[in-house]
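Report on the structure given below.
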């Protein structure tokens, strides 16, 4: 799953072997700033992917009611709404 934030970041949730991974890419700086194992949480209204390592906590939320909408929340950064451009689930 790929979530393209509206202002700066792109989040990719994917599998490396049997492990769920979360990669964050800053489009303005052309920099990958996180590529770490993650976990998936399913709650009311959204599926959330959260990194399990690293100094910054990142959450990528995928709306269950509107599957093309997502948002990226990272420590010390404002919530960044986005659009899912790759739908394949990890």
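Exactly one residue out of 59, 64 is within 22 Å of residue 15 (Cβ to Cβ) and at pLDDT below 95, and it is 64. Filtering the stretch 71-90 to residues that are more than 13 Å from the chain's Cα centre (by Cα) and surrounded by 13 or more Cβ atoms within 10 Å (Cβ to Cβ) leaves only 77. Screening residue 22 on (1) in contact with a strand residue (DSSP E or B) (Cβ under 6 Å, 6 or more places away or on another chain); (2) farther than 19 Å from residue 85 by Cα shows it passes everything except condition (2). For the stretch 42-56, the set of residues classified as assigned to a strand (DSSP E or B) and loosely packed, with under 12 Cβ neighbours inside 10 Å consists of 42, 43, listed by residue number.
Can you find even one residue in the stretch 57-80 that is under 13 Å from residue 1 (Cα atoms) and not in a strand (DSSP E or B)? Yes - at least one qualifying residue is present in the stretch 57-80. So which of 39, 15 ends up being touching a strand residue (DSSP E or B) at 6+ places or on another chain (Cβ under 8 Å), loosely packed, with under 12 Cβ neighbours inside 10 Å, in contact (Cβ under 8 Å) with a residue 40 or more places away in the chain and in a strand (DSSP E or B)? After applying the criteria, what remains is 15.
The values are calculated or read from the model by the stated rules, or taken from the named source; none is laboratory data. Remember, it's a predicted structure, so these values are computed and weren't measured experimentally. Glycine gets a Cβ as well: all are built from the backbone with ideal geometry, and neighbour counts include every protein chain shown.
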